[in-house]
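Participant: Can you keep this structure in mind? I'll have questions shortly.
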């Protein structure tokens, strides 16, 4: 029989959410001097990976829905760190680009990210991280749903 005590001690969701909150807090503390949240930093990194990426591509890279992504990007756009415009040939699609100011802020924040990353890896085991990352990627794949 499944009991609340058993759920509390074995639940994948609860364990991962608690770990995610702790990790997010550590990265946000590191990025705060730059006026960035962890989500905003990740969005800047994802935007820097290409010369103009669509909102859909960014959402997939970040594992976010478009509504959440819009909330994350809005302050970055207000600060002039990113720009968004209609995609050529498809006015319904938005393309996000990193501004020179966004690139400069990202470069300035990277050393603090590196410190947070090193601390996180020290806690989980740097040698273990590639295997953990691979296993966690399985959880990001399309979940099985009972379409019953």
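Participant: Among 13, 1, what is the fewest-to-most ranking by other Cβ atoms within 10 Å?
Facilitator: 1, 13
Participant: To the nearest 10 degrees, how steep is helix 12-31 against the longest Cα principal axis of the chain, on a 0 to 90 scale?
Facilitator: For helix 12-31, the angle is close to 40 degrees.
Participant: Order these by the 10 Å Cβ neighbour count, fewest first: 129, 113.
Facilitator: Ordered by Cβ neighbours within 10 Å, fewest first: 129, 113.
Participant: Another question, if that's okay. Over the chain, with a Gaussian network built from C-alpha contacts below 10 Å, which listed residue (110, 82, 124) shows the highest mean-square fluctuation?
Facilitator: Maximum fluctuation in the GNM of the chain, among the listed residues, is at 124.
Participant: Taking neighbour counts of Cβ atoms within 10 Å as a proxy for exposure, in what order, fewest first, do 60, 92, 21 appear?
Facilitator: Going from least to most buried by this count: 92, 21, 60.
Participant: With springs connecting C-alpha atoms under 10 Å apart, model the chain as a Gaussian network and identify which of 44, 16, 58 has the largest mean-square fluctuation.
Facilitator: The residue that fluctuates most here is 16.
Participant: Next up: Cα axis of helix 100-124 to longest principal axis of the chain: angle in degrees, 0 to 90, nearest 10?
Facilitator: 10 degrees
Participant: Still on this model: Please compute, over every Cα-Cα pair in the stretch 34-93, the percentage with a separation greater than 14 angstrom.
Facilitator: Cα-Cα pairs in the stretch 34-93 separated by more than 14 Å: 53 percent.
Participant: At R0 = 22 Å, how high is the FRET efficiency between residue 115 and residue 18 if r is their beta carbon distance? Nearest 0.05 is fine.
Facilitator: The computed FRET efficiency comes out at 0.45.
Participant: With a cut-off of 8 Å between alpha carbons and a minimum separation of six or more residues, what is the relative contact order of the stretch 59-134 in percent?
Facilitator: Result for the stretch 59-134 is 17 percent.
Participant: I'd like the orientation of helix 66-78 relative to the chain: the angle between its Cα long axis and the longest Cα principal axis, in ° from 0 to 90, rounded to 10.
Facilitator: Tilt relative to the chain: about 50 degrees.
Participant: State, as an integer percentage, the relative contact order of the chain based on alpha-carbon contacts under 8 Å between residues 6 or more apart.
Facilitator: 22 percent
Participant: While we're on this one: Using only the Cα atoms, what convex hull volume per residue in Å³ does the stretch 25-125 have?
Facilitator: 101 Å³
Participant: Right, another one. Quickly estimate the mean residue ellipticity at 222 nm for the chain, helices only: each DSSP H run with n ≥ 4 gives -39500 (n - 2.57), and the total goes over all residues, rounded to 500.
Facilitator: -21000 deg cm²/dmol
Participant: GNM, the chain, Cα, under 10 Å: largest mean-square fluctuation among 118, 18, 137?
Facilitator: In this elastic network of the chain, the residue with the biggest mean-square fluctuation among 118, 18, 137 is 137.
Every read-out reported here was derived from the displayed coordinates using simple, explicitly stated rules and does not represent laboratory data. Note that the structure is predicted; figures quoted are calculated from it, not measured. Because the Cβ atoms are built from the backbone with ideal geometry, glycine has one as well, and the counts that use them run over all protein chains shown.
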